[in-house]
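Novice: I have a structure I would like to understand better, so I am pasting it below and will then ask my questions one at a time.
The values are calculated or read from the model by the stated rules, or taken from the named source; none is laboratory data. The structure presented is a predicted model; accordingly, all values stated were derived computationally and were not measured. Cβ placement follows ideal geometry from the backbone for every residue including glycine, while neighbour counts extend to all protein chains displayed.
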Amino acid sequence: MTDLLTVRDLHTTFHTRAGDVPAVNGVSFTMREGETLGIVGESGSGKSVTALSIMRLLPTPPAEITGQEVLFAGQDLLEMSQDQLRALRGNKMAMIFQDPMTSLNPVFKVGFQIAESVRMHMNLGPRDSWNRAVEMLDKVGIPNAARRANDYPHEFSGGMRQRVMIAIALSCNPSLLIADEPTTALDVTIQAQILELMRALSKEFQTAVMLITHDLGVIAGMAQQVLVMYAGRLVEATDTRTLFAKPAHPYTQALLHSIPRMDDAQNERLQPITGQPPDLLKMPVGCSFAPRCPKAQARCQRETPPLVEVGAGQRAACFFPY
Amino acid sequence: MLRFFLRRLIGLLFVVIGVTFVTYAMGYLAPNQDPIAALLGQHNTPQAYATLKHEYGLDKPWYIQYGTFLLNLAHGNLGLSYRYPGQSVNDFIGPAIAISIQLGLSALILALVLGIPSGIIAALRANTWVDTSLMSVMLFFYAVPAFVIIPFYQVLIDILVANNLPTLPVQGWSEGLTYKIVPVVILALTSMGYFARISRTVMLEVLRQDYVRTARSKGLSERRVIYLHAFRNALLPLLSVIGPSLAFLVSGAFVIEDLFNIPGVGGAAIQAVANRDWPVLQGTVVVLAVAVVIMNIVVDILYSVADPRIRIQ
Amino acid sequence: MDTDRYLEPDTAPTQLTQEYLMEESLEPGLHSTSPWRDSFRRFLRDKRAVGALVLLAIFILASLFLLPIYEHIGPVISERHGFVHIGPAKYHSPTYVDNLVENAPASSLHWLGTNYAGQDIFARLLAGIQVSLFVAVIVVGVMDVGLGIIFGVLAGYYGGILDTLLARFTDLIFAFPGLLFAVLVTGLFRQAALDRFGNDGPLYLVAITLGLTIWPQMARYVRGQTLSLKEQQFIEASRTIGTSSNQIILRHILPNILSLIFVAATLDISGTIINEGVLSLIGLGVQAPGSSLGLMIQESLANIPYFPMEAILPSLTLTIIVLAFSFIGDGLRDAFDPRSKD
Amino acid sequence: MADETMLATSMTTDALLDVQDLKVYFPMTGGLLQRGGAVRAVDGVNFTIRRGETLGLVGESGCGKSTTGRAILQLIPVTGGKVIFNGMDITKLSPKAVRQKRAEMQMVFQDPFSSLDPRYTVAQIIGEPLVNFKRGNNREIDQRIRELLSTVGLPTNSLNRYPHEFSGGQRQRVGLARALALNPSLLIADEPVSALDVSVQAQVLNLMEDLQQKLGLAYLFISHNLSVVRHISQRVAVMYLGRIVEITASRQLYAQPLHPYTKALLSAIPMPDPVLEATRQRIVLAGDLPSPVAPPSGCHFHPRCPRAQALGNPERCRQESPTLTMATLDHAVACHFPEA
C-alpha cells in the first residue's frame, strides 16, 4: 500500500481578540491508501480542526494554517490555489460531518445535492448525474431511491440524512473520506447501521477513511491506525490493537481507564483524570498533559516531549512512556 | 392550497372588520362631530338638517350605521363624503389608489433591489472598511426619516438652480417620469436601509451554517456556494420581513404624498383629517389595511414557494 | 470573488474556543466578572456608540439646562417696541412671537436668528428637543417598556387566554399600517385635547396615541424572548427547587431579558421621535406657537429658497438625535449579544 | 383515596418511589387542522425505586425516558397513573403541596450550560432552594452553601463566580450542589454526564457514587449510554416508544437480556476492544425509530424486531401489545416470545 496523505508539522492557529489559539500544534502523520485512520480526542483537542485544515475549509482569517507540507496523492495541499483545491474537494477527498440535521441544504432536493457534486467533478450531463445520484442513494441503503431523490432533507430522519451525506461524499469515488464524528448525533442502533454502511462502502470503493471521534469503542471497531490528540498535539500514534493492548502515553492510558466498559467487573471504580483540559490561550510550558499526569516529573514541566518511536510502529509524545 | 387561501381570506375579513370597527368607534366617540351642520353651513334649517341627516343615514342607531357601512363595503362602496356634498368616497380614493400603488411598489422594488445586494456585499466583506462604510450609510438612511431629508434636498436644489445646474423636479407627480424619481427614491430610502441591515445579518447567519460548509466541501465554486446555496436560504428570512417593513413604506408615503402634493391615498387621508371628512378617512384606512394584508398574503405565498419545509400540498 | 473573506475574523474561533475562554478566569485570586460588567466593557469598545452617547448627553443637558439659562442672557431692549421694555425672558422664550424681527439672521441677540414669526430659533430648537425627549420618555419609557414587559412576560410565561388576547390585539394594531392609527386618533381628538389641556394637549395626545400603537410590538418581542428563555433548563431547575412562578419571573426571566428590552427600547425611541415629528409636520402634533422639531420643519418649508437655515437646523438636530439613538441601540445590541454583530 | 394510599404503602414498604401505570400524553394542536390526537410520550410505565438504590432508565431519543423523569417530579402534567413517593400519591396533590414535596426529590439536568442562570453567582444558585424553603438565616444559609461546595468538590473561591467562568464538569457539580441543598432522598438525573468530555465524565460519575454512599440517596439515572448506566445502576429499565420493555437487575440485564430490543441495543454498543470488536456478532436493526405520534400496532418493536422476523412475523406481535411480565424472579420483560 502506498501513502495517500502525509501531514508534516501542521499548525493551525486562530487569531482571536482574546489572543492566539493554537488549535493544532505541530501534527505529523501518514495515511495509506484504503486504510482507516482513527483520530480520537476530547472536544477542543484539535481533531476536527486538523481535518478541516487538511481540507482547507477553515476561514482564513481568523484561522492561519501553516506547516511543512500536507501531501495528498503527491501534491502539496498547502501550496494549492483555491481553484486547484476545489477540483479535489468532493472529488478525490470528501468529508462528512457530525450533525446530519444541519449539514444538508434544506431548500434543495437531496438528489440535486448529490448530482451537483457529480456534475461538477465527473463531467456528466444533467440526466446522467441525476441517475448517478439515484444510484448512490440506492447504494447507501435508501429504499425507493428514484422517488426519494426528489424529496427534501426535512423529509428524512437523522440516520437517513447521514446516509445522504455519505452518498454525496462517495459519489465521485474519493480516495479519502474524512468523517468528522459521523455518528455522534445519532442513536445507538442507528449508529450501528451507519458504521456498518461505512465499513462496507469503504471496502467497496477502496476509500481511505479518516474517522474522527471521541468514542474509543467506535475506533476499536473501525480503525486500523489511531492518532490520539490532546490540546492540539498528537500524543500517541499507533495501530489499533497496540493502542488498546499496550497504550504508551499516560493520557491514552488514563482515557482507557476512565470510561465505563461493558466488559469490566461491573462496580469497579472508575479512575478519572483529575483536573480539566488546559486553556489553549494559556498553554502550560512543557508537556500539556503534565498538570493532570500522575507520572509527571520536573522535566515534563520544562520541555515539550516530541513524538518519537517508543515501540514497533508506536509513537508517543512522552518522556516516560508505558 | 385552497385551505390556505380560505384561511387567509378569513384573516382578511377579520382584519377589515376589526379595522373598520375601531375606526368607526373612534369616530363615534370623538367629540365635536356634527358633519351635517358643517355640510349645511349657513343653509342650516331644521328641515334641511333632518333631510340630510336621513340621507346620510345618521339618524339611525350606530350599529345600523356600522352594518350599512359594512354592507356597502362588501359592494365596494365606501359611502359619501362629509365635506364635499354629492361626492362619494370612491371618487376620492379611486384614482388615489392607483397613484399610491405606483409610488409604493416602485419604492419597494427600488429598496429591495438596492438594499439586499448592499447587505450581501457587506456580509461578504464583514468588518472591512467596505462593510463599515456601506452599513453606516445604510443606517443613516434607515434612521433618518424622509421629512428630514426633503429639506436637505430642497436646499440642494436651490444651490443647483442658483448655479445653473440640472435638477430633478419634485412637484408634479402626474407630469411625467422625471417628476416621479425624487419621491420614489426618498420613499425607498428607509426601507432600503432596513433591508440592507437585515440582509447583512441574515447572510452572515446563513454563511455560518453547516450546509454552507458542506457545499464548500463538495468543491463548488465560491460563486455557487454564495449565490445558490447561501442566498437561496437567506431569501426566506428576507421574505418574512417584507410584510412588517410595509409599515415604513406607508408612514413614509403619508409624508411624501403630503409634502410633494402627490394625490395618493396618504395625501387623501391627511386632507380628510384636516377637513374632518370622516368617511374619506375611514375609506383610506380600510383601503390601506386591505392593501397591507394583501401584500402580506402575497409574501406568504412567495415564502411557501421558496421554503420546501412549509410547502402547501 | 475573493474566497477567503467569507467570514469575519471573530466568528469561528468564538465557537471553537469557547470552552477554553471559560477556564480563563478560574485561577484563584482573579476577579470574577458579572455578565453586566462584561457587556458594559464591550459597549465601551464601540467608539461610535460611545460618541453618540456623549453627543446625546450634551443635547439632553442643553435642552434641560441651557434653555432656562438662555432666557436670562441678553439685554433689556426697548427701541423697537417704543415704550415696552422686554428682557430675554420674553424674546428668548421659544413661544414669543415678535412680528418686527421676522427671519432675522443670527446675531448676539438671537444666537441662531429668528423664524418667520420672529421666534428665537435657538430657544425653539432646545424646546423642540425637550418635546422629542418628553414623547420618547412617555411613549417608550412608560408605555412601550411598561406595558410591553407586563403583557409580554405574562403572555409568554403563562400562555392561555392572555396570550390569545395579546395576539389578536397585535394583529389589529399591525393591520393599521404605519402611522395611520395615530393620524386617525390625533386627528379626531386633537380639538378635544386642545380644549381640555390647552396648547400642550395635543402633545399628550400624541404621546398616548403613539404609546398605544407601539407597545404591542414590544410585548410580542418580550413574549418571544420569554418563551425561548422558558425553554432553558435553569427555569425548570428553579421549579424543581420550589421557586414559585412569580419568583421565577422576577428572579430569572426579567433579569435575563432586561438587556434585550433595553436594546429594543433604544431603537424604538428613534422611531417614536420620528413619528412625533411626522405628526407635528402634518399639523397633528404640537400647536403653534409651541415648538417641536417637526413643526419647525413644517413652518420653514415654504421659505426654504430664502431662509434655508430655518429648515436645516431642526432637520439636522432631529437627524443627530435619531442617529445617536440608533448608534447607541446598535452598540447596546452588540454589547449584550455579541453574536448578533456578525 | 386515603385507603388507596394506605394500601400502596403497605404493599411496597421498602419502596421510596413507586410509579404505577404512568401515562403522559401530549395533545397535538395544529390550528385549523387540529385532529385531536395525542403523542403518547409515556404510555403505562411501572417501576419502583428502593431507598439508596439506583435505577437506570435507558432508551434511544424520543422513547419517553426524560418525560418519565419530569412527570415524576410533576414538572409536566400527568395524564394517568400514580406516582407514589414515600407512600403518598403525589399526582393528586395541590401545586403548593407539590412544591413542598419537591424538596425531597430533586433533579440534575443534562445541559451544564443552560441549567444554571447566567446572571446568578454560584452562591446564589446553590442558595436559591435554601432561601425558598427558609432553611435558616443568612449566616446559616451561607454556611450550608460552603458545606455543599466542599461536598461536590468545588473550591470555596467559586462562591462569587458566574457560571460562564466554569467548565462543563464544574457546572454539573454546581447543579449537583443545588440539587443536594434540601437533603433530598431521591435524585432524578437526566443524562447528567452525556454533555461532558469522557475524561470529566468519570469525575462526575464517581462523585455521584460517593454522594449516594454518604447521603443514602436513591437515583433515577436516565441515559442513552448503556455502559454508563451499567456502571452506576443496580437495576436497569429499558424503554422503547413510551413503554418499558425490560426491567431487571443490572447484572442480569447485561448478562442475559430477554427482550430482542435490549439484545440489539447491547450489541450496537461499540466496545473499546479491537479484538472483541473484530469477532463479535452484531445485530444491526433495520429501519428507523418509529415516531411516537403514530407508533406501530401491537408490540411497538415488531417492525424492526429480528426475533419476530425469525419467527415469520407472527400475527400476535402485530395485533397484541405485550405486557410487562415476570420471566424470572426480578426480571420482567414485555415480549410475546422472549428469548431464553
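Novice: Going through C:219, C:123, C:127 one at a time, which residue ends up being assigned to a helix (DSSP H, G or I), within 20 Å of the chain's Cα centre (by Cα) and within 27 Å of residue C:312 (Cα to Cα)?
Specialist: C:127
Novice: Only one of C:75, C:94, C:68, C:105 is under 19 Å from residue C:312 (Cβ atoms), loosely packed, with under 14 Cβ neighbours inside 10 Å and either of a type outside the set (Asp, Glu) or at pLDDT 90 or above (or both). Can you tell me which?
Specialist: C:105
Novice: Still on this model: With a cut-off of at least 1 residues that are facing chain D (nearest Cβ under 10 Å) and within 17 Å of the chain's Cα centre (by Cα), name the strands (runs of 3 or more DSSP E) lying wholly within the range A:167-263.
Specialist: By residue number, A:208-213, A:225-230, A:233-239.
Novice: Still on this structure, I have one more. Can you name the helices (runs of 4 or more DSSP H) wholly within the range B:174-263 that have at least 2 residues being in contact (Cβ under 8 Å) with a residue 24 or more places away in the chain?
Specialist: Output list reads B:178-207, B:231-259.
Novice: Ok, one more. Does the range B:217-227 contain any residue that is within 21 Å of residue B:180 (Cα to Cα) and within 12 Å of chain C (Cβ to nearest Cβ)?
Specialist: no
Novice: Given the condition out of contact with any Asp or Glu (no Cβ under 9 Å at 6 or more places or on another chain), under 30 Å from residue D:47 (Cα atoms) and more than 9 Å from every other protein chain (Cβ to nearest Cβ), answer yes or no: does some residue in the range D:114-131 qualify?
Specialist: No, the range D:114-131 contains no residue that is out of contact with any Asp or Glu (no Cβ under 9 Å at 6 or more places or on another chain), under 30 Å from residue D:47 (Cα atoms) and more than 9 Å from every other protein chain (Cβ to nearest Cβ).
Novice: Next question. Quick check on residue B:212: is it among the β-branched types (Val, Ile, Thr), under 30 Å from residue A:133 (Cβ atoms), more than 7 Å from every other protein chain (Cβ to nearest Cβ) and surrounded by fewer than 22 Cβ atoms within 10 Å (Cβ to Cβ)?
Specialist: Judged against the criteria, residue B:212 is a match.
Novice: So, in the range A:43-62, of the ones that are outside any helix (DSSP H, G or I) and closer than 19 Å to residue A:209 by Cα, which residue ends up nearest to the other protein chains (Cβ to nearest Cβ)?
Specialist: Ranking the qualifying residues of the range A:43-62, first place goes to A:57.
Novice: If you don't mind, another one. Give the range B:107-130 a look and list any residue that's part of a helix (DSSP H, G or I) and either basic (Lys, Arg) or within 8 Å of chain C (Cβ to nearest Cβ) (or both), or say none.
Specialist: The one that is part of a helix (DSSP H, G or I) and either basic (Lys, Arg) or within 8 Å of chain C (Cβ to nearest Cβ) (or both): B:124.
Novice: Regarding residue D:200, is this residue aliphatic (A, V, I, L, M), out of contact with any Leu (no Cβ under 8 Å at 6 or more places or on another chain) and at the interface with another protein chain (Cβ under 9 Å from one of its Cβ atoms)?
Specialist: yes
Novice: Just checking, how many residues over the range A:9-34 are of a type in the set (D, E, K, R), more than 10 Å from chain C (Cβ to nearest Cβ) and either touching a Leu at 6+ places or on another chain (Cβ under 8 Å) or without any contact (Cβ under 8 Å) to a residue 12 or more places away in the chain (or both)?
Specialist: Residues flagged as of a type in the set (D, E, K, R), more than 10 Å from chain C (Cβ to nearest Cβ) and either touching a Leu at 6+ places or on another chain (Cβ under 8 Å) or without any contact (Cβ under 8 Å) to a residue 12 or more places away in the chain (or both) within the range A:9-34 amount to 2.
Novice: Suppose we keep only residues that are under 19 Å from residue D:65 (Cα atoms) and among the aliphatic types (A, V, I, L, M) within the range D:292-323. Which one would you say is surrounded by the fewest Cβ atoms within 10 Å (Cβ to Cβ)?
Specialist: Selected residue: D:294.
Novice: Something else now. Which residue out of B:285, B:280 is at the interface with another protein chain (Cβ under 10 Å from one of its Cβ atoms), part of a helix (DSSP H, G or I), touching a helix residue (DSSP H, G or I) at 6+ places or on another chain (Cβ under 9 Å) and crowded, with 17+ Cβ neighbours inside 10 Å?
Specialist: B:285
Novice: Go through the residues of the range A:63-73 one by one and say whether even a single one is surrounded by fewer than 18 Cβ atoms within 10 Å (Cβ to Cβ), within 13 Å of another protein chain (Cβ to nearest Cβ) and either of a type in the set (A, V, I, L, M) or without any contact (Cβ under 8 Å) to a residue 40 or more places away in the chain (or both).
Specialist: no
Novice: Assuming residue B:304 fulfils every condition listed in (1) under 25 Å from residue B:9 (Cβ atoms); (2) without any contact (Cβ under 8 Å) to a residue 24 or more places away in the chain apart from one, which condition is it?
Specialist: So residue B:304 meets the others, but not (2).
Novice: Could you check the range C:291-342 and list, in sequence order, the residues that are closer than 21 Å to residue C:263 by Cβ, modelled with pLDDT under 85 and not basic (Lys, Arg)? Spell out how you get there, then give the answer.
Specialist: First, the residues of the range C:291-342 that are closer than 21 Å to residue C:263 by Cβ: C:320-342.
Imposing the further condition that a residue be modelled with pLDDT under 85 reduces the set to C:337-342.
Correct list: C:337, C:338, C:340, C:342.
Novice: Another question about this same structure. Which of the residues spanning the range A:166-181 are within 14 Å of residue A:98 (Cα to Cα), in contact with a helix residue (DSSP H, G or I) (Cβ under 6 Å, 6 or more places away or on another chain) and of a type in the set (A, V, I, L, M, F, W, C)?
Specialist: Residues of the range A:166-181 that are within 14 Å of residue A:98 (Cα to Cα), as a first pass: A:166, A:169, A:177-181.
Retained after the next criterion (residues that are in contact with a helix residue (DSSP H, G or I) (Cβ under 6 Å, 6 or more places away or on another chain)): A:177-178, A:180.
Matches in the range A:166-181: A:177, A:178.
Novice: I've got another one for you. May I ask you to verify whether residue D:183 is on the phi > 0 side of the Ramachandran plot, away from chain A (no Cβ under 14 Å) and surrounded by fewer than 21 Cβ atoms within 10 Å (Cβ to Cβ)?
Specialist: Here the answer is yes, as residue D:183 does meet what is asked.
Novice: Go through the range A:83-102 and report how many residues are assigned to a helix (DSSP H, G or I), surrounded by 24 or more Cβ atoms within 10 Å (Cβ to Cβ) and within 7 Å of another protein chain (Cβ to nearest Cβ).
Specialist: Restricting attention to the range A:83-102, the residues satisfying the condition of being assigned to a helix (DSSP H, G or I) are A:83-88, A:100-102.
So of that shortlist, the ones also surrounded by 24 or more Cβ atoms within 10 Å (Cβ to Cβ) come out as A:100.
From what's left, within 7 Å of another protein chain (Cβ to nearest Cβ): none.
Result for the range A:83-102: 0.
Novice: Quick test for you: out of C:67, C:61, C:53, pick the one residue that is at negative phi and touching a Leu at 6+ places or on another chain (Cβ under 8 Å).
Specialist: Working: C:61 fails: touching a Leu at 6+ places or on another chain (Cβ under 8 Å); C:53 fails: touching a Leu at 6+ places or on another chain (Cβ under 8 Å).
None of the others qualify; the one that does is C:67.
Novice: Now a separate question. Could you check residue D:134 against (1) touching a strand residue (DSSP E or B) at 6+ places or on another chain (Cβ under 6 Å); (2) in a loop (DSSP other than H, G, I, E, B); (3) not aliphatic (A, V, I, L, M) and say which number it fails?
Specialist: Here residue D:134 meets the rest and fails (1).
Novice: Could you tell me whether any residue of the range B:10-26 is touching a residue at least 24 places away in the same chain (Cβ under 8 Å) and in a loop (DSSP other than H, G, I, E, B)? Spell out the reasoning first.
Specialist: Filtering the range B:10-26 for residues touching a residue at least 24 places away in the same chain (Cβ under 8 Å) gives B:11-12, B:15-17, B:19-21, B:23-24.
Applying the additional criterion that residues be in a loop (DSSP other than H, G, I, E, B) yields none.
No, the range B:10-26 contains no residue that is touching a residue at least 24 places away in the same chain (Cβ under 8 Å) and in a loop (DSSP other than H, G, I, E, B).
Novice: Still on this structure: Does residue B:298 satisfy the condition of being assigned to a helix (DSSP H, G or I), within 21 Å of residue B:194 (Cβ to Cβ) and at the interface with another protein chain (Cβ under 8 Å from one of its Cβ atoms)?
Specialist: When the stated conditions are applied, residue B:298 does not pass them.
Novice: Would you mind listing the helices (runs of 4 or more DSSP H) fully within the range B:35-104 where at least 1 residues are within 16 Å of residue B:277 (Cα to Cα) and in contact (Cβ under 8 Å) with a residue 40 or more places away in the chain? Outline the logic, then answer.
Specialist: Working: elements: B:35-40, B:46-55, B:62-74.
Of the helices (runs of 4 or more DSSP H) lying wholly inside the range B:35-104, those with at least 1 residues that are within 16 Å of residue B:277 (Cα to Cα) and in contact (Cβ under 8 Å) with a residue 40 or more places away in the chain span B:35-40, B:62-74.
Novice: Return the residues of the range D:150-170 that are surrounded by 20 or more Cβ atoms within 10 Å (Cβ to Cβ) and either more than 8 Å from every other protein chain (Cβ to nearest Cβ) or more than 30 Å from the chain's Cα centre (by Cα) (or both); say none if nothing qualifies.
Specialist: Once the filter is applied, which keeps residues that are surrounded by 20 or more Cβ atoms within 10 Å (Cβ to Cβ) and either more than 8 Å from every other protein chain (Cβ to nearest Cβ) or more than 30 Å from the chain's Cα centre (by Cα) (or both), the range D:150-170 yields D:152, D:154, D:158, D:161, D:163.
Novice: Given the condition surrounded by 20 or more Cβ atoms within 10 Å (Cβ to Cβ), of a type in the set (A, V, I, L, M, F, W, C) and without any contact (Cβ under 8 Å) to a residue 12 or more places away in the chain, answer yes or no: does some residue in the range A:256-264 qualify?
Specialist: No: zero hits.
Novice: Regarding the range D:65-74, can at least one residue be identified that is surrounded by fewer than 23 Cβ atoms within 10 Å (Cβ to Cβ) and at pLDDT below 90?
Specialist: no
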